[in-house]
1. Could you tell me whether VAL118 is within 20 Å of ILE200 (Cβ to Cβ), in contact (Cβ under 8 Å) with a residue 24 or more places away in the chain and away from the ligand (no atom under 16 Å from the Cβ)?
2. Check the range 1-9 and report whether any residue there is among the charged types (D, E, K, R) and either within 14 Å of the ligand (Cβ to nearest atom) or touching a Pro at 6+ places or on another chain (Cβ under 7 Å) (or both).
3. What are the pairs with Cβ atoms under 8 angstrom where one residue, in the range 76-96, is under 17 Å from VAL216 (Cβ atoms) and of a type outside the set (A, V, I, L, M, F, W, C) and the other, located anywhere, is away from the ligand (no atom under 16 Å from the Cβ) and open to solvent by less than 30 Å² (accessible area, probe 1.4 Å)? Sequence gap at least six, or different chains.
4. Between LYS27, LYS34, LYS68, which is out of contact with any helix residue (DSSP H, G or I) (no Cβ under 8 Å at 6 or more places or on another chain) and under 16 Å from ILE263 (Cβ atoms)?
5. Would you pick out the residues in the range 154-174 that are of a type outside the set (Val, Ile, Thr), surrounded by 16 or more Cβ atoms within 10 Å (Cβ to Cβ) and farther than 19 Å from GLY130 by Cα?
6. Filtering the range 101-122 down to residues that are open to solvent by 20 Å² or more (accessible area, probe 1.4 Å) and assigned to a loop (DSSP other than H, G, I, E, B), which residue is nearest to ALA23 (Cα to Cα)?
7. From THR191, THR150, which residue is touching a Ser or Thr at 6+ places or on another chain (Cβ under 7 Å) and open to solvent by less than 60 Å² (accessible area, probe 1.4 Å)?
8. Of the residues LYS172, LYS134, LYS197, only one is basic (Lys, Arg) and more than 22 Å from the chain's Cα centre (by Cα); which?
Amino acid sequence: MENLKQNQPIGIFDSGAGGLTVASAVKNLLPEEKIIYFGDTAHLPYGDKSTETVKNYSLRITDFLLEKKCKIILIACNTASAAAYEAVKEKAKGRAIVLNVIDPATKYVANETSLKKVGVIGTKGTIQSGTYTKKIKSFQKNKEVVSLQTPLLVPMIEEGFIYDNISNSIIKQYLSNEKLKDIDGLILACTHYPIIKNQIRKYYNFKTTVIDSSVVVAQELKKILSENNLLNSENKMPEHEFFISDYTDFFKTLAEMFFDSEINLQKKHL
Ligand code: DGL
């Protein structure tokens, strides 16, 4: 898009704090890019809402990020990527490039020949949409894809039950499901799950590939910016902006952990 400029920010949104895993991967790979993050904490979780509702929320956030003159909008929420990608793209047409978290991960899996049978875990919305299976199959129809809803994992993580006995038994309960038997790889199809990635790897005794899409997504974002000559060439520390629709301690703690500094949280109800 010719009208976009290199020094415009990158907009990233999620239903809450989970997308910070993606934002932090973007910050690490592209430290000179300014990020404007929107966490829709007032409407969290998206995972058990209807497609229509998630679409509406996503479009309101898109308007906000377009007002903020973002050159690219990254939907850092799997549920919103499944429900609203086409609608967000349509709204941003000619004004910003739109990227979702599902395409880069599914492309990666489709091209990885060592992965014959792949498991996908995510929220009810993401799994019911069937988007991961459809996309992987569209790239590589010979892959076996099995998916499982794991709705307890988000509240578990938000309540701080990580790397302890409670979370170990919930993870075990889900991952021992017959559907996931003999998988070679597991896609973490929810932005919260990278937080417990090592716990999941440990469940498999580090023998199954666990795919954390945040890193793959950040690489894809860099590629797209570069192809469009939109990588920021200014060499100064960007001041990222964080907006949330409702204050939560979890968000602040996680944002400061991932961005390694005090952050200025602004409340914005959309
Ligand atoms: N961010 C959501 C996702 O990646 C998980 C949290 C929610 O249900 O809103 O699907």
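1. yes
2. As a first pass, look at the range 1-9 and keep what is among the charged types (D, E, K, R): 2, 5.
So of that shortlist, the ones also either within 14 Å of the ligand (Cβ to nearest atom) or touching a Pro at 6+ places or on another chain (Cβ under 7 Å) (or both) come out as none.
Looking for residues that are among the charged types (D, E, K, R) and either within 14 Å of the ligand (Cβ to nearest atom) or touching a Pro at 6+ places or on another chain (Cβ under 7 Å) (or both), one finds none in the range 1-9, hence no.
3. Filtered contacts from the range 76-96: TYR85/VAL98.
4. That would be LYS34, the only listed residue that is out of contact with any helix residue (DSSP H, G or I) (no Cβ under 8 Å at 6 or more places or on another chain) and under 16 Å from ILE263 (Cβ atoms).
5. Selection gives MET156, GLU158, PHE161, SER167, ASN168.
6. Looking at residues that are open to solvent by 20 Å² or more (accessible area, probe 1.4 Å) and assigned to a loop (DSSP other than H, G, I, E, B), I get GLU112.
7. THR191
8. Numbers: LYS134 fails: more than 22 Å from the chain's Cα centre (by Cα); LYS197 fails: more than 22 Å from the chain's Cα centre (by Cα).
The conditions single out LYS172.
The values are calculated or read from the model by the stated rules, or taken from the named source; none is laboratory data. This is a predicted model, so every value here is computed, not measured. Neighbour counts run over all protein chains shown; Cβ positions are idealised from the backbone, glycine included. SASA here: full protein model, heavy atoms, side chains in, ligands and nucleic acids out. Shrake-Rupley method; radii C 1.70, N 1.55, O 1.52, S 1.80 Å.
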